[in-house]
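For reference, the structure discussed in these notes is given below.
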Amino acid sequence: MHSEVAQFLKYLSSERNASELTIKSYREDLIDLADYLVSEMGPGVKPADVSPRILRGYSAALHEAGYARSSISRKLASLRSFFRFAQRQQMCDSNPGKPLRNPRGQRKLPHFLTDQEIGRLLSAPNRRTELGQRDSAILETMYSAGLRVSEVVGLNEGDLDFEEGLAQVRGKGRRERLSPLGRYAIDALRKYMRLRKVAENEPKGRQAPVFVNRFGNRLTTRSVGRMLEKYIQQTGLNTRTSPHTLRHSFATHLLDRGADIRSVQELLGHKSLVTTQIYTHLSTANLREVYLKAHPRAGQ
């Protein structure tokens with residue numbers, strides 16, 4: 001099984017252009033599966049030997065081991081993808097993972113900031129300093145365009161079009177999209193980019209990184225996380241706030257103000273509408289809370 005898993009991972013890298021993080025997740029999930037199958041069926045087990053009954057046993061073992069429902073769902077999705085590949089490669093006649101059902105569970109609503117909290121966060125950097133200008137530009141860009149932290153640190157100079165108010169963004173699965181930039185973000189970016197100094201070892205021109213550290217090298221996602229932690233402490237915001245919170249806030253605020261879900265899906269770069277729909281639940285919950293507090297005949 002381990003050699004077949006290796007073939008699948010190579011396929012993801014060379015033909016599907018999957019990211020390193022995606023391949024790492026598949027590798028961990030499928031090595032766990034292969035180890036289980038070897039322990040249950042012996043070292044010579046092949047994809048053709050695996051039945052839905054065996055995989056249901058694997059799912060039960062994950063439950064017994066105390067895995068979270070979300071982790072189990074991810075592992076089952078990984079094995080379905082693997083056996084789909086194995087079937088195409090004629091390693092097995094059918095996909096034994098297809099009959100498996102994910103564990104039911106309510107999705108947790110994402111943490112987001114209110115308008116006032118976003119205002120406090122965006123006002124926190126000291127714009128009189130070069131570092132403050134950079135941090136202001138990062139926060140404004142992430143909230144303005146709803147970017148993932150990996151997307152914002154991956155921006156190059158040629159990705160920004162200030163005249164059109166757009167950024168070319170490379171998202172998950174190397175999918176590209178155009179994201180709008182508001183005037184506050186554009187203003188913050190222009191001021192910062194007049195000050196920034198790119199290191200000699202970094203690309204120049206259109207390929208030059210937008211956000212750099214004090215040495216002029218491209219900023220890392222961890223550095224953005226540490227920067228945000230500093231401003232969370234400074235402003236007294238909820239410690240659950242993370243770089244992804246700005247993306248959650250972006251989506252929630254758009255829907256609360258009447259944006260349609262399809263547009264928000266495109267802006268977030270979600271492949272499936274299902275992923276975006278959690279924000280409609282969040283907005284509905286928010287609206288109900290407002291209603292119950294404010295309507296004289298709401299029953300409270």
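Bear in mind that the values in this text are calculations on the coordinates, not laboratory data. Because the structure is a prediction, the values reported are computed rather than measured. Here the Cβ positions follow ideal geometry from the backbone for every residue, glycine too, while neighbour counts run over all protein chains shown.
Please compute the net charge surrounding TYR11, taking Lys and Arg as +1 and Asp and Glu as -1 over other residues with Cβ under 14 Å from its Cβ. Walk me through the intermediate numbers first.
Details: positive: LYS10, ARG16, ARG27, ARG84, ARG88; negative: GLU4, GLU15.
Local charge sum for TYR11: +3.
How would you classify region 147-238 from its alpha-carbon gyration tensor, with a ≥ b ≥ c the square roots of the eigenvalues: rounded for a/c under 1.5, else prolate if a/b is greater than b/c, otherwise oblate?
Because its axes are fairly even, with a/c under 1.5, region 147-238 counts as rounded.
If you place +1 on the Cβ of every Lys and Arg and -1 on the Cβ of every Asp and Glu, how big does the dipole about the Cα centre of the chain come out, in debye to the nearest 20?
Details: 49 positive and 31 negative charges, 74 e Å.
Dipole size: approximately 360 debye.
Could you pull out every one of the lysines with an alpha carbon less than 20 Å from that of LYS172, ignoring same-chain neighbours closer than 8 positions?
Filter leaves LYS10, LYS24, LYS75, LYS271.
Rounded, prolate or oblate: which fits the chain when a ≥ b ≥ c are the square roots of the eigenvalues of the alpha-carbon gyration tensor, with rounded for a/c under 1.5 and prolate only if a/b beats b/c? Intermediate results must be reported in sequence, preceding the final value.
Values: a/c = 2.40, a/b = 1.48, b/c = 1.63.
Cα axes put the chain in the oblate bin.
Can you tell me the mean projection area, over all orientations, of the convex hull of region 115-292's alpha carbons? Units nm², please.
Working: hull surface 43.0 nm².
Mean shadow area of the hull around the Cα atoms is 10.7 nm².
Based only on the alpha carbon positions, what is the Kirkwood hydrodynamic radius of region 185-244, in angstrom?
On the way: mean 1/r = 0.0761 Å⁻¹.
By the Kirkwood definition, the hydrodynamic radius is 13.1 Å.
Among residues other than HIS244 whose Cβ falls under 12 Å from its Cβ, what is the net charge (Lys/Arg +1, Asp/Glu -1)?
Values: positive: ARG148, ARG240, ARG247; negative: GLU151.
It works out to a net charge of +2.
Just flag the trypsin sites (Lys or Arg not before Pro) in region 204-273 sitting in loop per DSSP whose Cβ has no more than 16 other Cβ atoms within 10 Å.
Values: sites: LYS204, ARG206, ARG214, ARG218, ARG222, ARG226, LYS230, ARG240, ARG247, ARG257, ARG262, LYS271; in loops: LYS204, ARG214, ARG240, ARG257, LYS271.
Within region 204-273, the qualifying trypsin sites (Lys or Arg not before Pro) (loop, at most 16 other Cβ atoms within 10 Å) are LYS204, ARG214, ARG240, ARG257, LYS271.
If I require 20 Å or longer along the helix axis, counting alpha carbons, and a Kyte-Doolittle average no lower than 1.6, what helices from the chain are left? Use full DSSP H segments.
Details: long enough: 20-41 (30 Å, -0.10); 69-88 (29 Å, -0.49); 130-145 (22 Å, -0.31); 221-235 (21 Å, -0.86); 243-256 (21 Å, -0.39); 278-294 (24 Å, 0.02).
Within the chain not a single helix satisfies the rule.
What does region 2-88 give for Rg and for Dmax, in Å, if only its C-alpha atoms count?
12.7, 36
Rounded to the nearest 20 Debye, what is the dipole magnitude of region 115-292 about its Cα centre when Lys and Arg each give +1 and Asp and Glu each give -1 at the C-beta? Kindly include the intermediate steps, with their values, before the conclusion.
Details: 29 positive and 20 negative charges, 110 e Å.
It works out to roughly 520 debye.
Could you identify which residue out of GLY132, GLY158, GLY258 has the top mean-square fluctuation in a GNM of the chain using Cα springs shorter than 10 Å?
Among GLY132, GLY158, GLY258, the largest GNM mean-square fluctuation belongs to GLY258.
Of the chain, which part is the longest with no GluC sites (Glu not before Pro) in a loop (DSSP not H, G, I, E, B) and with at most 10 other C-beta atoms within 10 angstrom?
Values: sites that count: GLU15, GLU163, GLU164, GLU200.
Excluding the exposed sites themselves, the longest stretch runs over 16-162.
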